[in-house]
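Novice: Take a look at the following structure, please.
The values are calculated or read from the model by the stated rules, or taken from the named source; none is laboratory data. Just so it is clear, the structure is predicted and the values come from calculations on it, not from any experiment. Counting neighbours? That spans all protein chains shown, and the Cβs are built from the backbone with ideal geometry, glycine included.
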Amino acid sequence: MTGQDKVKILYVHHGHGIGGAPKSLLNLVKSLPSNTYKASVVFQQHSAAVDLFEDSGIKVDVVGRAKNYLSHHKKSFISWFKFYRYFFIFKDWIHNALFIAPEYIEKYKPDLIHLNSDVLSSWAYAAKKRNIPVVCHNRDPFESRGYFGLRTGLVRKILNSTVDVFICISNDNRKRLCLESKSVTIYNSVDIPEEYRVPFSGSAPYRVVYLGGMAKAKGFRVVAEAVKYLNKNIIVQLAGGYGFVDDLLHKEFRGANKIDFLIRRSDYKILFETIKYECVDFVGIVKDPNKLIDDADILISPFTVEHFSRPIIEAFSRGKPVVASDIEGMSEIVCNNVDGILVDVSSPKNLADAINFLADNKPIAVKYGLSGRDKAQKFFSIEAHVEEVKSVYDHLLNGNINWDHFNEPC
């Protein structure tokens, strides 16, 4: 490449919802300097996130097939009696590695490929065969436990041999991946507005927002149980994906969601019982949760599985106190009794008690929100994130393989 050439980067996204992964990727792609980089984006499957990108003027290529991924995250756990699914997983891995990924690599001829998840190792394999550098985002905690360790070893071996550098979204993720010699920690980014609504600046009822949808890992069942113990001056807003219930709001009820209802009928039963409470406001899917967060007084993130919670840093950017699970890795984001409260969600009443405490002690809640906003400005700004990612690109394209200095303490 000459000094006048743009660096061509092919971004590949895996998921089907509007979660932290596509939003973080969108922030990155929008903020890259167009005079230096030429970004192309491919989605493995169609989702509402495609509209999110195209509404921002970013064209997306959608593959639309081979959507079973080889991964090892707790949320992708496969029970022993569903081992037949590995046939489809390996079939799609081979299809992606040998046919789909090469097709798009040939189309875009990238100088570098950035995978938005470590479930996309098939794309890394195709890139490595063509000597194209690979950056891989590690957004979900790698699960080191399993039945016999076979999948753990296989996935880690493939990733280690095909990926040049991993961008882990937390130090906890980096530790769990166990490939530290080629991993760096770069936190997710959020837009930090100059103006925001101060929590508890209005009158009751006070609004508590939950963005996890019906996902057990994000604490849906915890929230459903906790609403029984809330003060009468509190309303919980249930946002996120709730299967066919979201479609009903749009007068749709597709066959696929009928099947989903049968499979997840116990969760739907809990949902229907929960939304009967006067203190519950059902919101459903929102393309951009920022207004919801800005209008709220508290954000809750009662994850039951270790994960970096993007809603927390979005709440911090808008000066909101948070209540989150006291699980491994969460203390890296939330400092207990400084910018939020960490609780043991094995008892949903603990979650309710923390929410009630903040509603009863508004000066403390406002103070927590200010501390969170300070943290967001220091660690989670888009500008800082983009500069760090650009440094990774430059380091890799210059042929450097030593990543130690990226992880030195500030």
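Novice: When you check residue 227 against the structure, is it under 16 Å from residue 289 (Cα atoms), touching a residue at least 24 places away in the same chain (Cβ under 8 Å) and not in a loop (DSSP other than H, G, I, E, B), yes or no?
Specialist: The answer is no for residue 227.
Novice: If I ask for residues that are crowded, with 16+ Cβ neighbours inside 10 Å and either outside any strand (DSSP E or B) or among the acidic types (Asp, Glu) (or both), which ones from the stretch 32-60 would you list?
Specialist: 32, 44, 45, 47, 49, 50, 52, 53, 58
Novice: Here is a further query. Sort out which residues of the stretch 199-217 are assigned to a loop (DSSP other than H, G, I, E, B) and surrounded by 15 or more Cβ atoms within 10 Å (Cβ to Cβ), and write them in order of number.
Specialist: 199, 200, 205, 211, 212, 213, 214, 215
Novice: Would you check which residues across the stretch 302-316 are of a type in the set (Val, Ile, Thr) and in contact with a Gly (Cβ under 8 Å, 6 or more places away or on another chain) and list them?
Specialist: Listed by number, the residues that qualify are 304, 312.
Novice: To continue, here is another question. Criterion first (assigned by TED's automatic domain parsing to the domain that holds residue 363, of a type outside the set (S, T, N, Q), in contact with a helix residue (DSSP H, G or I) (Cβ under 7 Å, 6 or more places away or on another chain) and closer than 15 Å to residue 20 by Cβ) does residue 217 satisfy it?
Specialist: Spelling it out, residue 217 is indeed assigned by TED's automatic domain parsing to the domain that holds residue 363, of a type outside the set (S, T, N, Q), in contact with a helix residue (DSSP H, G or I) (Cβ under 7 Å, 6 or more places away or on another chain) and closer than 15 Å to residue 20 by Cβ.
Novice: Being modelled with pLDDT of 90 or more and in contact with a Pro (Cβ under 9 Å, 6 or more places away or on another chain) is the filter here; which residues of the stretch 236-282 pass it?
Specialist: 239, 279
Novice: Out of the stretch 183-198, which residues are within 19 Å of residue 389 (Cβ to Cβ) and either of a type in the set (Phe, Trp, Tyr) or not in a loop (DSSP other than H, G, I, E, B) (or both)? Steps first, please.
Specialist: As a first pass, look at the stretch 183-198 and keep what is within 19 Å of residue 389 (Cβ to Cβ): 183-192.
Of everything in the stretch 183-198, those that are within 19 Å of residue 389 (Cβ to Cβ) and either of a type in the set (Phe, Trp, Tyr) or not in a loop (DSSP other than H, G, I, E, B) (or both) turn out to be 183, 184, 185, 187, 190.
Novice: Of everything in the stretch 4-22, what is in contact with an Asp or Glu (Cβ under 9 Å, 6 or more places away or on another chain) and either polar (S, T, N, Q) or without any contact (Cβ under 8 Å) to a residue 24 or more places away in the chain (or both)? Give them in sequence order.
Specialist: Selection gives 5 alone.
Novice: While we're here: Taking residue 358 and the conditions (1) surrounded by 19 or more Cβ atoms within 10 Å (Cβ to Cβ); (2) closer than 21 Å to residue 192 by Cβ; (3) modelled with pLDDT of 95 or more; (4) touching a helix residue (DSSP H, G or I) at 6+ places or on another chain (Cβ under 6 Å), which numbered condition does it fall short on, given that it satisfies the others?
Specialist: (2)
Novice: Report whether or not residue 12 is outside any strand (DSSP E or B) and in contact with a strand residue (DSSP E or B) (Cβ under 7 Å, 6 or more places away or on another chain).
Specialist: So residue 12 does not fit the description; no.
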